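The block underneath contains the structure these notes are about, expressed in structure tokens.
The values are calculated or read from the model by the stated rules, or taken from the named source; none is laboratory data. Keep in mind that this is a model prediction, so the values were computed, not measured. Neighbour counts run over all protein chains shown; Cβ positions are idealised from the backbone, glycine included.
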Amino acid sequence: MMRKMTVGSVFTLIAAVAGVVGTVAMMLSSNIDKAYAYKTVNTLLLMGICGIILCLIAVWSPTRFGNHDLLSTIGTVGAIGLFMGVVGTMISDRVLMIAGLFSYNSQNMVGWRVFYATVTGIAAFVVGCILLIIASFMKNAKAAK
Amino acid sequence: MKRTGLWRGLTSLMCFVLALSVIAGNVLESNAATIDTYMGTQSERMESDGALYDKFTPSEEVLNADGTGNSHALIQKAIDLNRRQAYEGSVLLKNENNVLPLASGANVTLLGIRSHKPILGSAFGVKVWGPVINLEQALRDSRTDFAHTIADSASTNFATGEVTIGPTMDSWTGEEFDFDGAGYQVNPTMIDIYEKLLADFHHEYNEGAEEVFDPREPSLGDIAAVNANYKDSFTQYGDAAIVVISRASGESHDYLPGGVVEGLGMEEPLALSQNERDAIALAKECSKKVIVLINSSTSVEIADLKEDPDIDAILWIGTPGAYGMLGVADILSGKVSPSGGLFDIFTARNMSAPAMQNMGNFRYSNADGTVTRGGGMFGGNTGMYIMEAEGIYVGYRYYETRYYDCVAGKGNAASSAGAYASAGNWNYDDEVTYGFGYGLSYTTFDFAFEGEPEFNVKKNDNGSIDATATFKVKVTNTGDVAGKTPVQIYGQAPYTEGGLEKSAVQLLNYDKTQVIQPGESEVVTVVVDLQYIASYDVDLNDGEGGYILDPGAYYFAVGNGAHDALQNIMAKQGMNVTANAELAYEREITEDFISRTAFSVSKTGEKIVNQIPYADWNYFQPGEVTYLSRSDWEGTWPKTYDNMTLTSQELIDNLNGKYYTIKTDDDVSAIIWEEANGLRFYDMWGVDYDDEKWDQLINNMTLEEAQYLATYGGPSIPGAETIGTVETYMTENAGNGVAVNLNASKDTGAPWNIAGSDPNGNWHPEIFGNSPLTASSFNPQLCYDLGAFIGEESLFVGIPILWGPGLNTHRHAYNGRNGEYYSEDPILSGVTAMEFAVGALKYGLIAAPKHYAFNDQETNRSGVAPYMTEQRAREVELRAYQYAFEATKYDTDDFDQGMRGLMISFSKIGSVECTASKGLMTNILANEWGFRGYAVTDIYDDFDIYGAVLTSGATCYDTRGMAGFYTNTTLDGGRFSDQVDGSTINAVVFAGDAEAQNAIKASVHKILYAMSQSNLMNRYDASTRVVKLPVIWRTAYQAVEYGSAALMACFAVLYLLAKLRNKEGK
């Protein structure tokens, strides 16, 4: 029996969009200047895409398997893990640059552009995670009338 | 059903928390040492089973009887030394009718908002930290108010334009200190007004240069708006009016030509604004005694103040540091007679310097698409350059030489070219306000040569020549008060019109008297090394290059600054000037006395030849740049070289970093690694650099260990298990003190360690005034004592290597970094740095002067290409380093003093990165000057030319923030992965490159040798190890990490159980 989407599903869907935004911003920040390219950018891109796919699975699977089904739960937790994995790598890679921007290297305009792209990416991923957490407390499917 | 949602939600939440804690843990552990410094925590400690700390010990005066540290005595010593720095370095420029000193008990009014908030340090770099004594307190009080006087600083976010202001530390919880101030009554009305005005006219104790500058001096209207009756207070406090005019200096930003906010009544940032002039006018209303304090680290345009009969006194006070205002008060009140001499020439218009024709932003016209190398991790602009077309005529060398030629009627010197303050043709008196080295005293001195100078020439076994001239100068105090004075010896080499460029006068050496009582005398001996009057000729020996000492008449003179000395020389030569020919000495130097090319062999026995031809633009594209020549001042006056076009492929290749190709198939079988002979680092204490034990020690290492050591140069430096070293935090800034709080020591095992519970534990040692103040003292002993004290500090905070002091020469007044560098003169800079570094080494602190070399402006500092002649490079900028690094004064027959540390510049030399210049790093620094020590890049610089940097003679990179080597920070896939040639750096990249492996060995040798001379050896024996300690941040993130992991697992299980029950329920 197919079920209808809920508010929780919408939150998860928005989280997937946030994942897209985060991934795009991450790629952007990696391509502004080759000195600031992420060393593992391909892995980060893969993690971002997998996280987005897991979000979509978490939206779809309850309509197939019912509310709070195991697959959507795995999808939600997995997406959180992947998104935060990307966030962690971005922070680790950028922490020295960011420390410099706020002290001895504030005139590094390329660095500031990278910084804003990085912050946008991190913010998008974190917002996505928060939406996923909220959604996971909520019903994510209801029976079709 | 509800339960599954709850457990599912909590599982997700804990997953998120776990991820956050893992991220936090990674970031914290990767930057543990830096976090420890700023949080005052200690996350690791070097430990040993043996009784150590027997090699370097602080002086008894900062220890208690039982050998423990005495923080009160340490701070008191810092206060006293900073005070001495200020009263020895401040320069009295004008004192009409002996208005100074002012008697104790005088009622004075302080004017200008900077009198209330003077500049004590730089916005970044040599910032002053912690509690301070401000001018009002020094003039009025007798006890510190540290609890309410914490230095603050401004930080500008250039992306947003936002200015953030904050204190350098949260609070002072330690002791207060007694002092003897000037004993004046200070007008409280004006203090109150300026305090209120600070709300709108933001000022801090630490500020930097600004590209569009506004001194933010309130108008008289602003003052009246706070208190309309403020002038009433002048009656009571009218014994004297003291006006403070300030110009800041700091890292990252320059003043720029014409870079001022509109409507201020000033055209240039180092001129005075209308509001500043109004403050001086107000001072004239307030009192018949007007005193102006110039609070700056650069030349301020004060020609009209000099000529103004209503301004009685001008005192330059530099940027005096946390407690330096006590020294200023000492001079004002006459406790001490001023004895400094100007570090730079003060001109009427700073734009009149030939260097200013080519200062600021210049980019190659075809940089786009031609200069393809990226800006690097520091984020510099690519394709930027400056053309140093002024040649050797930097600072006073230009003004004095042109003056000489004007009087001599040669070289079109009196033309209008370069005339800024002169009406019509160039006129020295109009262009120059106060000369280099000039300074007044409260007393007067007579100088006289005591007998004939003694010239000595000695040939050494290595082929080098030691040639000196020893001058004995009798100084007699002919005034009424005790005082001391510098004894400055200048020289002039014979110049042939149209021949090799030579300055008409140059400082050769100096010393300072002790305090001489009225009527008494002292004989000061000054030894001049004649190699510093030789000139560098790139065309010598058919273009091979080398130093020459042209036969002919050489003149030496003593004087109150360069102009006075030159005048004495001119009088000796019979020229039409009013001066004392008795204070000049003529010596005919012939080839019989010393060979013309004697100084083309360095003190190490190395033949000196051209090493940096790529410094000169004309080397690549001949005839495109004309350098200033005294043969025709008018015809060669520098034009502004903007929009230069790159056409030489060699030049373009250099700019794109094509310096070195890592080889893969060399025969490296003769290079020994992993020998396992049992020798360990702690065995190397006191072992000479050339001892073969060093080779044996390094043979124990793996290539990978050596590469780590040659890569990660600090603040944490990797350990190497095979030689018994451990990774630890070793390096820090800066030239005005070690940037680590007492209670954040990296060496808490030291017997003198200041415990975290000590009331003065949060005292921060960066307190001293900026470098020009030190240089202006013309007192080598003071510089030694400053270095020695900072060496003692290093023992208290556990830092064996200091990234400082600054040692570049001032190319012009607009360089924002001038406050960190000593002077425009290489000898004054070199002597000061040498004394500092040798003093520091007394306590095992390796001073690493920076930025070698040519950091001639902060604008585009990350990789700007300054083009110049090799003569200019060697006779000005490099001479400062040469003097310090040869440290001949401290050499004995059995001991070569030398220096043990260095930081390399961001900038290029010509088209080649300084970090990658073998000419600069190996042939000049190591081979000619004999440098044996740690030579680190500036922060994150030139990561993309790894092979070139590590084979040039640079020993390692500044990798601030990168630690946890072999774990968090690895060579494999690390920050060096993107190279200009597309290669990737890893731990085996040099496996087939014999040159690189040998260079790595040499780097490790130099680094370990420097470490073995440092106070790090206090902590080393066979059992030395590093232990991780529980600190609050580590405990916190680990608790969250483990807790969230456990809870996540629990909630996941509960979710599954709930799902099962639901299923069964159905």
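Overview of results
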read-out: Yes/no for A:SER61 being more than 12 Å from every other protein chain (Cβ to nearest Cβ) and more than 23 Å from A:VAL114 (Cβ to Cβ); value: yes
read-out: Residues of the range B:962-1011 classified as of a type in the set (Val, Ile, Thr) and within 12 Å of chain A (Cβ to nearest Cβ), total; value: 5
read-out: B:ILE767 among the aliphatic types (A, V, I, L, M) and within 21 Å of B:TRP129 (Cα to Cα); value: yes
read-out: For B:MET356: the one exception among (1) touching a helix residue (DSSP H, G or I) at 6+ places or on another chain (Cβ under 8 Å); (2) under 20 Å from B:PHE976 (Cα atoms); value: (2)
read-out: The range A:89-103, subset within 7 Å of chain B (Cβ to nearest Cβ) and surrounded by fewer than 20 Cβ atoms within 10 Å (Cβ to Cβ), residue farthest from B:SER30 (Cα to Cα); value: A:SER103
read-out: Residue among B:GLY324, B:GLY334 that is more than 17 Å from B:GLU824 (Cα to Cα) and in contact with a helix residue (DSSP H, G or I) (Cβ under 9 Å, 6 or more places away or on another chain); value: B:GLY324
read-out: Tally, over the range B:495-527, of residues that are surrounded by fewer than 16 Cβ atoms within 10 Å (Cβ to Cβ) and either more than 33 Å from the chain's Cα centre (by Cα) or in a strand (DSSP E or B) (or both); value: 10
read-out: Hits in the range B:825-884 (condition: charged (D, E, K, R) and outside any loop (DSSP other than H, G, I, E, B)); value: B:GLU835, B:LYS850, B:GLU870, B:ARG872, B:ARG874, B:GLU875, B:GLU877, B:ARG879
read-out: Spans of strands (runs of 3 or more DSSP E) in the range B:74-186 with at least 1 residues under 30 Å from the mean Cα position of the chain (by Cα) and buried (at least 23 other Cβ atoms within 10 Å of the Cβ); value: B:91-95, B:152-156
read-out: Residue in the range B:207-230 that is more than 14 Å from every other protein chain (Cβ to nearest Cβ), touching a residue at least 60 places away in the same chain (Cβ under 8 Å), in contact with a Gly (Cβ under 6 Å, 6 or more places away or on another chain) and closer than 30 Å to B:THR164 by Cβ present; value: no
read-out: Filtered residue count, the range A:105-143, keeping only those that are touching a residue at least 60 places away in the same chain (Cβ under 8 Å) and polar (S, T, N, Q); value: 4
read-out: Complete set of residues in the range B:893-909 that are in a strand (DSSP E or B), of a type outside the set (Lys, Arg) and either in contact with a Pro (Cβ under 8 Å, 6 or more places away or on another chain) or not assigned by TED's automatic domain parsing to the domain that holds B:GLU870 (or both); value: B:GLY901, B:LEU902, B:MET903, B:ILE909
read-out: One residue from B:ILE23, B:ILE79, B:ILE35 being within 23 Å of B:GLU175 (Cα to Cα) and either away from chain A (no Cβ under 14 Å) or not aromatic (Phe, Trp, Tyr) (or both); value: B:ILE79
read-out: Of all residues in the range A:104-126 being facing another protein chain (nearest Cβ under 7 Å) and buried (at least 24 other Cβ atoms within 10 Å of the Cβ), the one that is farthest from A:GLY19 (Cα to Cα); value: A:ASN105
read-out: Selected residue (criterion: farthest from the other protein chains (Cβ to nearest Cβ)) from residues of the range A:64-78 that are in a helix (DSSP H, G or I) and buried (at least 21 other Cβ atoms within 10 Å of the Cβ); value: A:GLY75
read-out: Candidates B:THR1024, B:THR959, filtered to the one that is surrounded by 17 or more Cβ atoms within 10 Å (Cβ to Cβ), within 14 Å of another protein chain (Cβ to nearest Cβ), more than 20 Å from B:LYS658 (Cα to Cα) and not basic (Lys, Arg); value: B:THR959
read-out: Residue tally, condition of a type in the set (Gly, Ala, Ser) and under 27 Å from the mean Cα position of the chain (by Cα), over the range B:528-549; value: 2
read-out: Among (1) out of contact with any strand residue (DSSP E or B) (no Cβ under 9 Å at 6 or more places or on another chain); (2) closer than 17 Å to B:ILE242 by Cα - the single one B:ILE311 does not satisfy; value: (1)
read-out: Residue in the range A:7-22 that is within 14 Å of chain B (Cβ to nearest Cβ), β-branched (Val, Ile, Thr) and more than 15 Å from A:THR118 (Cα to Cα) present; value: yes
